[in-house]
Amino acid sequence: CSSDLITLDIDQTARSVNGHQEGAKKGYSVKDKNSRLFQTVTWSIRETKTILKQEFLSGDKHCANDFLNRLKPVIFELKKIGVDIRIVCDSGYADIEVFEYLESENVKFIFAIKQFDTVKKRGKNAKKKELKINNVYKSR
């Protein structure tokens, strides 16, 4: 049983381009709306500040496209070296199939998902109760 925990951070960033670079397509960027861009996906190990993998996607590709198939080989390789794994990424990657896969592989995970007002109100009105959510205990 391993005692080493590594945190795999997965982050996608839109990169605007000038001109007509191959693969650049109109996509979503907060800073440069309606611009041609690439999507850069960086997979890094938080504890060592090591970039494990970097992907370049066309601007019109959402980060969730084929994410599970891109994730499985990474988890497989990390498990071969005998470390415990925690994944941290944003809501764009959130998907029930991804959650089920991670739980089946005993991988901890945190997805930053916006909490909408209706959820906040229900949480304030509910009794204090321990809930097990994705291997993390939360109190509501």
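The values are calculated or read from the model by the stated rules, or taken from the named source; none is laboratory data. This one's a predicted model, so the numbers in the text were calculated from it and none came from an experiment. All Cβ positions, glycine included, derive from the backbone under ideal geometry; neighbour counts span all protein chains shown. Areas reflect the complete protein model, heavy atoms only, side chains present, ligands, DNA and RNA absent. Shrake-Rupley method; radii C 1.70, N 1.55, O 1.52, S 1.80 Å.
Is it true that some residue in segment 44-56 is polar (S, T, N, Q), modelled with pLDDT of 70 or more and closer than 23 Å to A94 by Cα?
We begin by selecting, within segment 44-56, every residue polar (S, T, N, Q); these are 44, 48, 50, 54.
Narrowing the set further to residues that are modelled with pLDDT of 70 or more leaves 44, 48, 50, 54.
Cutting the leftovers down to closer than 23 Å to A94 by Cα gives us 44, 54.
Yes, there is a match, as at least one residue in segment 44-56 is polar (S, T, N, Q), modelled with pLDDT of 70 or more and closer than 23 Å to A94 by Cα.
In segment 46-62, the residue that is most open to solvent (accessible area, probe 1.4 Å) out of those that are farther than 20 Å from L5 by Cβ and of a type in the set (A, V, I, L, M, F, W, C) is F56.
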